[in-house]
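The next block holds one structure in the form of structure tokens; read it before the comments.
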Amino acid sequence: MEIKFEEIKALLPQKFPFLMVDRVIAMEKGKSIVAIKNVSGNEIHFLGHFPNMAIFPGALILEGLAQTAIILFRKSYENDKTLDDPNIMFFFGAANSRFFHPVVPGDQLRMEVKVIKAYSTGGMVEGVASVDGKKVAKGELTFGLKRKEEMTR
């Protein structure tokens, strides 16, 4: 199952310049997903990370894995209207994250996410990011769903 950029924009709460998924190239609903992020030297974060040697921030690799997980859960549970509620937010935490190689402009980041556990209010996924078949990062991500009004308490 391929998902193109316009649908990805509709599925994710994040907007420019914080979209970290360009295309989904494979997905098994409720189980796994593979997405692509094309890294361009024109991206705003390269102004400060780092001015003399552009390196894609590790935190944004994890963000890309998290966004890939959101797409997987939204597409896996399309009939669950809770996920369509604009007042529902995804909250992520990363554990056991490791970075192995830098990602630079011109790279195509391949993000693979597999479900470890899924609950009605959250779950846990395992994500691996690679470039040209070489693992650049990995991590376990846990997430939960919260309503916006719960955040202001």
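The values are calculated or read from the model by the stated rules, or taken from the named source; none is laboratory data. On a predicted model such as this, the values are computed, not experimentally measured, just so you know. Glycine also receives a Cβ, built like all others from the backbone with ideal geometry; neighbour counts cover every protein chain displayed.
Can you pull out the residues in region 85-115 that are at pLDDT 95 or above and over 16 Å from the mean Cα position of the chain (by Cα)?
The answer is Phe100, His101, Pro102, Val104, Pro105, Gly106, Asp107.
Those residues that are touching an Asp or Glu at 6+ places or on another chain (Cβ under 7 Å) and either assigned to a loop (DSSP other than H, G, I, E, B) or in contact (Cβ under 8 Å) with a residue 24 or more places away in the chain (or both), I need them from region 115-124; list them, please.
Answer for region 115-124, where residues must be touching an Asp or Glu at 6+ places or on another chain (Cβ under 7 Å) and either assigned to a loop (DSSP other than H, G, I, E, B) or in contact (Cβ under 8 Å) with a residue 24 or more places away in the chain (or both): just Ile116.
So, Phe46, is that one in contact (Cβ under 8 Å) with a residue 12 or more places away in the chain and touching a helix residue (DSSP H, G or I) at 6+ places or on another chain (Cβ under 9 Å) or not?
Here the answer is no, as Phe46 does not meet what is asked.
Return the residues of region 52-92 that are touching a Pro at 6+ places or on another chain (Cβ under 8 Å), β-branched (Val, Ile, Thr) and in a strand (DSSP E or B); say none if nothing qualifies.
none
Here are the criteria: (1) over 17 Å from Met27 (Cβ atoms); (2) modelled with pLDDT of 95 or more; (3) among the hydrophobic types (A, V, I, L, M, F, W, C); (4) in contact with a Leu (Cβ under 6 Å, 6 or more places away or on another chain). Tell me which single one Leu62 does not satisfy.
Here Leu62 meets the rest and fails (4).
Hey, among the residues in region 126-153 that are polar (S, T, N, Q) and either in a strand (DSSP E or B) or surrounded by 15 or more Cβ atoms within 10 Å (Cβ to Cβ) (or both), which one's modelled with the lowest pLDDT?
Looking at the filtered set, the residue picked out is Thr142.
Hey, could you check region 11-22 for residues that are farther than 15 Å from Phe90 by Cβ and more than 11 Å from the chain's Cα centre (by Cα) and say which is surrounded by the most Cβ atoms within 10 Å (Cβ to Cβ)?
Per the criteria, the residue is Pro17.
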